[in-house]
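Undergrad: Shown below is the structure under consideration.
The values are calculated or read from the model by the stated rules, or taken from the named source; none is laboratory data. The structure presented is a predicted model; accordingly, all values stated were derived computationally and were not measured. Heads up, the Cβs are rebuilt from the backbone with ideal geometry, glycines too, and the neighbour counts pull from every protein chain shown. Just so you know, the surface numbers come from the protein's heavy atoms only, side chains and all, with ligands and any DNA or RNA stripped out. Shrake-Rupley method; radii C 1.70, N 1.55, O 1.52, S 1.80 Å.
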Amino acid sequence: MAALTPPVWVSSQQAAAAFFVLPHTRPEATVTSTVISMTTSASLPTGPEAAITTGGTVTDRLVAANEQYAAAFTDPGMDARPVLHVAVVACMDARLDLHAALGLELGDCHTVRNAGGVVTDDVIRSLTISQHKLGTRSVVLIHHTGCGLEAITEDFRTELEMEVGQRPAWAVEAFRDVDQDVRQSMQRVRTSPFLLHTDDVRGFVFDVKTGLLREIDPA
């Protein structure tokens, strides 16, 4: 029996597979393959057991990945001004791959993310710096279906106060109607006295099941 060739690893951002084939030189030879492993980021342990299976903490894993990234890194020669002069405000939800969903490349935009993608005072701070100092003009707001802020209320602040003995100064910004919350966020941007450009502000809801954006009428 012929010796097996060494496994060939095929990897992508989310999956890795190992397989091998029996070498053959005759046309009638049968080629077989066996999948040894197939994992995705979503299937990896996320609790304390993750540190055991990966040989360290999640942060250790990220640092190791950065070392590999840096080894092949070359300076793209960009400055801090976004090429498309746009700032995107979106939810921090891990299911939103904004660059892929919007066809963006490195250097195209500013990205501001928080829980819910709502426009808070801190978002206005970022947008103000983005417009005044870094030349952006357009603002795109993106909420999404199945947002965690639809499942909680402002009572969360009371729960925290009872747990830690101090009431947070910030609002939860929970909501029940995602469309209406997008409209509220658009209104906050358009009425801010600190922003230079409020004529091109558009809001959307990203469907986490289909990947499609649905634009929200501001009226």
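Undergrad: Inspect segment 153-170 for any residue being touching a residue at least 24 places away in the same chain (Cβ under 8 Å), under 14 Å from GLY117 (Cα atoms) and of a type in the set (A, V, I, L, M, F, W, C) and give the result as yes or no.
TA: no
Undergrad: Also, quick follow-up: Those residues that are part of a helix (DSSP H, G or I) and either modelled with pLDDT under 95 or open to solvent by 90 Å² or more (accessible area, probe 1.4 Å) (or both), I need them from segment 147-168; list them, please.
TA: Answer for segment 147-168, where residues must be part of a helix (DSSP H, G or I) and either modelled with pLDDT under 95 or open to solvent by 90 Å² or more (accessible area, probe 1.4 Å) (or both): ASP155, GLU159, MET162, GLU163, VAL164.
Undergrad: So, one more: Consider segment 189-219. How many of its residues are at pLDDT 95 or above and open to solvent by less than 80 Å² (accessible area, probe 1.4 Å)?
TA: 16
Undergrad: Also, quick follow-up: I'd like the residue in segment 173-188 that is touching a residue at least 24 places away in the same chain (Cβ under 8 Å) and charged (D, E, K, R) and, out of all such residues, is least open to solvent (accessible area, probe 1.4 Å).
TA: ASP181
Undergrad: Let me ask something additional. Every residue in segment 74-92 that is closer than 20 Å to LEU127 by Cβ and either in contact with a helix residue (DSSP H, G or I) (Cβ under 8 Å, 6 or more places away or on another chain) or modelled with pLDDT under 95 (or both), please.
TA: ASP79, ALA80, ARG81, PRO82, ALA87, VAL88, VAL89, ALA90, CYS91, MET92
Undergrad: Shifting gears a bit: Which ones in segment 201-219 are in a loop (DSSP other than H, G, I, E, B) and among the hydrophobic types (A, V, I, L, M, F, W, C)?
TA: VAL208, LEU212, ALA219
Undergrad: Can you name every residue in segment 167-186 that is more than 10 Å from HIS143 (Cβ to Cβ) and among the small types (Gly, Ala, Ser)?
TA: If the condition is that a residue be more than 10 Å from HIS143 (Cβ to Cβ) and among the small types (Gly, Ala, Ser), then ALA169, ALA171, ALA174 are the ones that fit.
Undergrad: Next question, about the same structure. Evaluate segment 65-73: report whether one residue or more is among the charged types (D, E, K, R), closer than 26 Å to THR198 by Cβ and at pLDDT 95 or above.
TA: Within segment 65-73, none of the residues are among the charged types (D, E, K, R), closer than 26 Å to THR198 by Cβ and at pLDDT 95 or above.
Undergrad: Quick check on this structure: which one of ASP79, ASP122 is more than 30 Å from THR210 (Cβ to Cβ), in a loop (DSSP other than H, G, I, E, B) and open to solvent by 70 Å² or more (accessible area, probe 1.4 Å)?
TA: ASP79 is the lone residue from the list that is more than 30 Å from THR210 (Cβ to Cβ), in a loop (DSSP other than H, G, I, E, B) and open to solvent by 70 Å² or more (accessible area, probe 1.4 Å).
Undergrad: From LEU106, LEU96, which residue is under 20 Å from GLY148 (Cα atoms) and in a loop (DSSP other than H, G, I, E, B)?
TA: The conditions single out LEU96.
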